[in-house]
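The values are calculated or read from the model by the stated rules, or taken from the named source; none is laboratory data. Because the structure is predicted, anything quoted here is derived from the model rather than measured. Here the Cβ is made from the backbone with ideal geometry for all residues, glycine too, and neighbour counts use every protein chain on show. The area values use the complete protein model at the heavy-atom level, side chains included, leaving out ligands, DNA and RNA. Shrake-Rupley method; radii C 1.70, N 1.55, O 1.52, S 1.80 Å.
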Amino acid sequence: MKKSTQWFRHFIAQSCRFSFLFLLSFPVLSVALYAQNSKPVFTVIPLGVKGGGDESNLSSYLVAPAGDSNFICLDAGTVRAGIQYAIKKGIFKATPDYVLQNSIRAYFISHPHLDHLAGLVINSPDDNSKPIYGLSFCLSTLADKYFSWKSWANFTDRGESPQLKKYTLQEMTIGDFYKIDKTSMQVAAFPLSHSTPQESTAFLVKHDDGYLLYLGDTGADSIEKSTRLSDLWKTVGPLVASKQLKAVFIEVSFSNDQKTEQLFGHLTPDLLMKELTRLADFSGGNAFLKHLPVVITHQKPGGDRERKIKAELHRANTSGVRLIFPEQASPIQL
Ligand SMILES: [Zn+2]
Ligand SMILES: [Zn+2]
């Protein structure tokens, strides 16, 4: 595997492998193309979008190259309920078990909080063999605390015996791209800070020369006393400048009135916009962020918080990014 400093060179000529065998004739409800007249590179089907409050709708995003039916699943808070809703809406024409087993080719877990992996654990008896990718801290917790025979049967190839080996835990090295079996995508992982000492992960997904960035839960650098977001912006800045980055999926858990000591490693609208200013610095300026799709994930329900978050984001959106508020089982073309 190449180191992060070399990854630009490495993956330019990737042949894509489309699979139309599986039906995916869905209505596209939310279309957001970064550049006018450019064809979408990715299809995202959110299986769950919230950061709490509803166990049937927690962070989980299926991502595939546009027109392809081989998905990866970025976080897996909710799996089956999202698939069932997608089937109901005509997005998948198959049974939930078929979609679970044959459409999800790999999982990527940003961090081991339950709202990001409960769906994976609960559905594991009905799933089939596939890899679970993540950074070391995350996979260790998955093996030691969840697939431990005390919490749940050990379907992995690590930890307590007997290991049922349905899931292979694929530990990622920071910044290296991994080619994902049965898909035409590659994914690299970058560390995030999520209320120290809790860590989290950002996944950079690549198909041909297009990219999609998904961040798990993250605090702002200013509050986390960290440079991890800044380091990430520095890495993806050139991809924004060249318009190869098709979208950023990032959390805004709370509205601006959340007290700093109660953020617990999350972002508010103001903190996100400050971070996007840093991204602009590494992308050649604000103009390069104009129309960049920014998908707002992980809002924590409560009172009228979600309405406030939306209003505050629109008010503070001086760089003119295209704000997208994902909905469960509503495909997004990027
Ligand atoms: Zn979370
Ligand atoms: Zn979390």
Which one is farthest from ligand 2 (Cβ to nearest atom), of the residues in region 298-317 that are within 20 Å of the chain's Cα centre (by Cα) and part of a loop (DSSP other than H, G, I, E, B)? PRO301
Is there a residue in region 269-290 that is at pLDDT 95 or above and in contact with a strand residue (DSSP E or B) (Cβ under 6 Å, 6 or more places away or on another chain)? no
Scope region 105-119; condition under 16 Å from GLY52 (Cα atoms) and away from ligand 2 (no atom under 11 Å from the Cβ); matching residues: ALA118, GLY119
Among the residues of region 200-228, what is the count of those that are within 16 Å of ligand 1 (Cβ to nearest atom) and among the charged types (D, E, K, R)? 2
Evaluate the following for ARG322: is it touching a helix residue (DSSP H, G or I) at 6+ places or on another chain (Cβ under 6 Å) and open to solvent by 20 Å² or more (accessible area, probe 1.4 Å)? no
Of ALA202, ALA220, which residue is in contact with a Ser or Thr (Cβ under 8 Å, 6 or more places away or on another chain) and small (Gly, Ala, Ser)? ALA202
Give me the pairs: first residue in region 107-131 and over 23 Å from GLN299 (Cβ atoms), second residue open to solvent by less than 10 Å² (accessible area, probe 1.4 Å) and of a type in the set (Gly, Ala, Ser), beta-carbon distance under 6 Å, and six or more apart or on different chains, which are they? LYS130/ALA106; PRO131/ALA106
For region 44-60, enumerate the residues that are under 19 Å from LEU204 (Cα atoms) and within 13 Å of ligand 1 (Cβ to nearest atom). VAL49, SER59, SER60
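Within region 106-116, track down each residue that is of a type outside the set (Ser, Thr, Tyr) and within 17 Å of ALA189 (Cα to Cα).
Step one: of region 106-116, the residues of a type outside the set (Ser, Thr, Tyr) are 106, 108-109, 111-116.
The answer is ALA106, PHE108, ILE109, HIS111, PRO112, HIS116.
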With the requirement that a residue be more than 16 Å from ligand 1 (Cβ to nearest atom) and not hydrophobic (A, V, I, L, M, F, W, C), what does region 244-276 give you? GLN244, LYS246, SER255, ASN256, ASP257, LYS259, THR260, GLU261, PRO269, ASP270, LYS274, GLU275
Given (1) on the phi > 0 side of the Ramachandran plot; (2) in contact (Cβ under 8 Å) with a residue 12 or more places away in the chain; (3) away from ligand 2 (no atom under 16 Å from the Cβ), identify the lone condition not met by ASP75. (3)
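I need the strands (runs of 3 or more DSSP E) fully contained in region 179-294, keeping only those with at least 1 residues that are open to solvent by 10 Å² or more (accessible area, probe 1.4 Å) and within 16 Å of ligand 2 (Cβ to nearest atom).
Details: elements: 186-193, 199-207, 210-215, 245-251.
It comes to 186-193, 199-207.
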